[in-house]
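Data first, discussion second: the structure below is written as structure tokens.
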Amino acid sequence: TYWYDIPSERRNGEFDCVLKRDDGYVVAECKYLKAPMTLEMAEEEEAKILAIDELDVKGIIFVAANGFSFSSDRWKLVDGDDLYRVGRIDEA
């Protein structure tokens, strides 16, 4: 988990999983929703992620057990079926 606090902007929050790589960071956000995640939700989360100047974000992953109402070439999307698939997620 990555926590941030920007008092000057009265903003704080957390990201579920932040992975440090040699070239920057990959942020993974997990959503526990009854319905599929929407594009609007993903865009709001992306804006929050990219607003943190200290993170050189190289990738964003959204995990939603009930899937997505959209497809994306911009983000990696992992749904419930992907979580239980045999093999690696990047083979999906």
Legend entry - Residues (open to solvent by less than 40 Å² (accessible area, probe 1.4 Å) and either within 11 Å of LEU33 (Cβ to Cβ) or among the charged types (D, E, K, R) (or both)) located in the stretch 64-76: ALA64, GLY67
Inset, instruction - Look through the stretch 6-21, keep the residues that are of a type in the set (Asp, Glu) and closer than 23 Å to ASN66 by Cβ, and return whichever of them is least open to solvent (accessible area, probe 1.4 Å). - result: ASP16
Legend entry - Matching residues in the stretch 22-33 - criterion: being open to solvent by 50 Å² or more (accessible area, probe 1.4 Å) and either of a type in the set (S, T, N, Q) or within 18 Å of ASP53 (Cβ to Cβ) (or both): ASP23, TYR25
Legend entry - Hey, LYS76 of a type in the set (D, E, K, R) and modelled with pLDDT under 95 or not: no
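The values are calculated or read from the model by the stated rules, or taken from the named source; none is laboratory data. Fair warning: this is a prediction, and the values are worked out from it, not measured in the lab. Don't worry about glycine lacking a Cβ; one is built from the backbone with ideal geometry, like all the others, and counts go over all protein chains shown. Heavy atoms of the whole protein, side chains included, go into the accessibility calculation; ligands, DNA and RNA do not. Shrake-Rupley method; radii C 1.70, N 1.55, O 1.52, S 1.80 Å.
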